[in-house]
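Novice: A single structure is presented below for examination.
Any read-out appearing in this document is the output of simple, stated calculations on the displayed coordinates, not a laboratory observation. Quick caveat: nothing in here was measured; it's all calculated off a predicted structure. Every residue, glycine among them, receives a Cβ derived from its backbone with ideal geometry; neighbour counts consider all protein chains shown.
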Amino acid sequence: MSDGGELAEVLRRIFERRRAKAASSEILGVLGSSNNDGNTAALARAVFAPLPNSALVNLNDLAIAPYDYLNRHDNDDFLSLAEQIVAAKTIVFASPVYWYSMSAQMKIFFDRLTDLTRTHKDLGKALAGKSAFLIATGGSPEPPASFEPPFAETARYFNMCWGGMLYGQEGETMPAAEGFAKRIDRSTYENPACAA
Ligand SMILES: Cc1cc2nc3c(=O)[nH]c(=O)nc-3n(C[C@H](O)[C@H](O)[C@H](O)COP(=O)(O)O)c2cc1C
């Protein structure tokens with residue numbers, strides 16, 4: 001890259017991080033679905049609607065590359081998202097069940113959390129004490145038993161407090177959204193998940 005190109009890239013990163021900081025919310029949702037207006041997005045929006053100072057980030061709007069052992073993607077959108085997460089008190093993952101597992105978008109994001117244990121440990125350590133929740137939808141009445149553990153275990157790895165999952169079956173009306181929003185709200189402002 002030319003000097004001019006490098007400068008432009010540095011400036012782009014600075015402005016992006018400023019924008020991320022300006023947009024910081026106390027409750028941050030991370031949505032990873034192949035359908036921007038699908039079942040998971042609908043359930044996540046229903047949960048987030050009554051929550052003040054919350055924001056839902058759609059991974060489809062960001063460019064996040066798969067984990068790279070040589071950290072060749074340090075300049076993509078992952079770090080600014082990680083900074084937004086660090087600025088929040090509570091993080092809410094939202095993923096459909098795709099083949100018994102989290103969506104590909106969410107898995108790429110989870111793999112990149114590895115950056116927070118290696119090249120950006122300061123951000124990883126700053127996750128401790130935050131609460132984490134999961135919103136999921138699937139075709140089956142119940143989620144696979146193996147679905148929640150990668151979210152819960154990853155949160156615990158970063159010393160976050162696991163708040164649990166809200167699961168909705170496709171086609172269902174989502175009456176539980178309000179109750180889950182209240183749980184998230186209480187956890188954010190009273191932190192009972194951390195106290196448990
Ligand atoms: C690629 C793909 C894989 C799926 N795999 C499963 C599955 O393993 N178990 C299940 O219960 N539903 C499965 N479903 C159904 C979705 O989980 C369900 O329709 C979900 O609500 C879709 O959410 P979305 O609108 O956010 O994509 C699958 C759907 C797709 C498109």
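Novice: By average Cβ neighbour count within 10 Å, what is the ranking of 26-35, 54-63 from highest down?
Specialist: Those peptides, ordered most packed to least, come out 26-35, 54-63.
Novice: Within the range 72-89, name every residue whose backbone N is under 16 Å away from a label modeled 7 Å from Cα of Glu6 along the Cβ vector.
Specialist: Flagged as within label range: 75.
Novice: Let me spell out the model: positive unit charges on the Cβ of Lys and Arg, negative unit charges on the Cβ of Asp and Glu, origin at the Cα centre of the chain. What dipole size does that give, in debye rounded to 20?
Specialist: The calculated dipole for the chain is roughly 520 debye.
Novice: Quick check: pseudo-label points 7 Å beyond the Cα along Cα→Cβ at Thr114 and Glu170, how many nm apart are they?
Specialist: 3.1 nm
Novice: Calculate the radius of gyration of the Cα atoms of the chain to one decimal place, then report Dmax, the largest Cα-Cα distance, as a whole number, both in Å.
Specialist: Radius of gyration, then largest Cα-Cα span, for the chain: 16.8, 56 Å.
Novice: Taking Lys182 as the anchor, which lysines have their alpha carbon closer than 16 Å to its alpha carbon, excluding any fewer than eight residues away along the same chain?
Specialist: Lys89
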